[in-house]
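Undergrad: Structure below; questions to follow.
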C-alpha cells in the first residue's frame, strides 16, 4: 500500500505538489494521470525516497522508503528505464542489483524470461532499442518480487505486442494482491488497464475515483436511439429538462432521460426500437474535460482560432 498524506514539494518559489493526499490500495491497478507539469513524476520520486517532501508524509507499506531494510523486496520501480550503465549487459545489470539484496541468480533468470529478453540478455544495454530498455526496466522493478510496484510510463517505446503484454502483466500482478501504481499518457491503454484513477493538476488532487464511475459521470445522461419512427419519438420525449438531437437519419441522441425511461415511452406508444444504447464518454474525453483548467502548457488550435 502507498500512503500520501498532505504531501507538498516546493522548488524555490515553485510548488510542484500541493497538499496531496491519496492511498493506493493492493489488489487493483491504480492509474495516475495528469497534464504535463501536474506533479506526477515528483510524486513518484517522493514515494521512492528520491525527493523529500517539503511538507506532509509519504509511506510505502507503512514505512518511508529509506526505512525498509530490503527495499527491492518491498517496492519495485520503473521511473527512468535508461538509467543503466550502457557498457553492461542486461544480465550483469540485474545480477549486480540482485547481489545487493541477496536475491538468487535463479530470480535473475526468471525475470529475464518474464520480460522477453532471453535472446539479448548478454548483450550491452547501450545497443538496446527503447522498447528493450523498457523491458529491462520492468525486469528491475520485478527483481525483488515486491508487493508494491510504481511504474512511470511503462509502455513507452513498446510495440503493440509489448503494450498488450504490459497490460496483462499489470492486471495479473494486481490479481495476486499486489499494489500497482502506474502512470501513462496513453488514455486508451489506461482505460483497458486501470481499475481506479488518481488524477492531479497543478500539483493538486482533482479526482480519486473508480474508472467506471469516472467515465460514467463524465458521460452525463446521454442515450443513442435508433428507430424508423424517430420523428414521433422525438416529439414524445421532448420536455423542459430533455433535449433530443437527430444525429443522422433515424438516429437520435437523448440528453436528460435514462435508457429505461426512453424504452418505456417507446413501448407505451408502440414504437419499435432498433437501438437503445447509453453513451459512455471515453477516458480521454473525460480526462480532457476534467483537466482543461489545469493544463500548464496549452496548445492553441489554429483551426479553432480561425473559425472563431
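The values are calculated or read from the model by the stated rules, or taken from the named source; none is laboratory data. Computed from a predicted structure; not experimentally measured. So basically every Cβ, Gly included, is an ideal-geometry build from the backbone, and we count neighbours across all protein chains shown.
Undergrad: Considering segment 254-287 alone, what residues qualify as being in contact with a helix residue (DSSP H, G or I) (Cβ under 6 Å, 6 or more places away or on another chain) and at positive phi?
TA: Of everything in segment 254-287, nothing turns out to be in contact with a helix residue (DSSP H, G or I) (Cβ under 6 Å, 6 or more places away or on another chain) and at positive phi.
Undergrad: Could you tell me which of the residues 212, 174, 191 is part of a helix (DSSP H, G or I) and within 12 Å of the chain's Cα centre (by Cα)?
TA: Values: 212 fails: within 12 Å of the chain's Cα centre (by Cα); 174 fails: within 12 Å of the chain's Cα centre (by Cα).
Just one listed residue meets the conditions, 191.
Results for (1) at pLDDT 90 or above; (2) assigned to a strand (DSSP E or B), shown as yes or no for each residue.
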| residue | (1), (2) |
| --- | --- |
| 243 | no, yes |
| 247 | no, yes |
| 265 | yes, no |
| 270 | yes, no |
| 276 | yes, yes |
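Undergrad: In segment 144-171, what residues are farther than 20 Å from residue 28 by Cα and not in a loop (DSSP other than H, G, I, E, B)?
TA: 160, 161, 162
Undergrad: Tell me, which strands (runs of 3 or more DSSP E) lie completely within segment 24-143 with 3 or more residues that are surrounded by fewer than 16 Cβ atoms within 10 Å (Cβ to Cβ) and in contact with a helix residue (DSSP H, G or I) (Cβ under 6 Å, 6 or more places away or on another chain)?
TA: Qualifying strands (runs of 3 or more DSSP E): none found.
Undergrad: Could you grab me the full set of residues in segment 177-188 that are surrounded by fewer than 18 Cβ atoms within 10 Å (Cβ to Cβ) and either assigned to a strand (DSSP E or B) or within 14 Å of the chain's Cα centre (by Cα) (or both)? Quick ask: steps written out before the conclusion?
TA: The initial filter retains those residues of segment 177-188 that are surrounded by fewer than 18 Cβ atoms within 10 Å (Cβ to Cβ), namely 177, 185-188.
Within segment 177-188, 185, 186, 187, 188 qualify.
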